Amino acid sequence: MTRGKPLSEDLCHTIINLRRNCVSLDEIVTKSACKRRTLQRILSQHRKRIQGTLLLTTDLRGRKRKISIEDMKLIHGLLAHTPDMYLDALKQQLERRGTQLKKG
């Protein structure tokens, strides 16, 4: 038995994508006009639905990431293809893609 108005699938997908892109829950609450608990429930249901994929659960939790998920996929792919690649070569590949890396 639901209370209030049901959320559209588009809004749920938008909430998940915003969180995936490291937008804070407070910002999503402001942008979506939904309650914080509703957002937590949507994200929890989504995590349960995709149980078994480590990528999203590491993406949704913890502090803001220095590099994006796409960059992490690139690094994993490069290392899977060429395991003996040097860090400088990885850095060049990321910079070629447009990712700005800072020292330190």
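List of remarks:
- Pairs from the table (Lys5/Lys64; Lys64/Lys102; Lys35/Lys73; Lys5/Lys73; Lys31/Lys102) lying more than 26 angstrom apart at Cα are Lys5/Lys64; Lys35/Lys73; Lys5/Lys73; Lys31/Lys102.
- Here is the list for the stretch 1-37: trypsin sites (Lys or Arg not before Pro) lying in DSSP coil, each with at most 14 other C-beta atoms within 10 angstrom of its C-beta, are Arg3, Lys35.
Computed from the coordinates by the stated procedures, all read-outs in this text should not be read as laboratory data. Treat the numbers as computed from the prediction; the structure is a model and nothing was measured. All Cβ positions, even for glycine, are placed from backbone atoms using ideal geometry, and neighbour counts span all protein chains on display.
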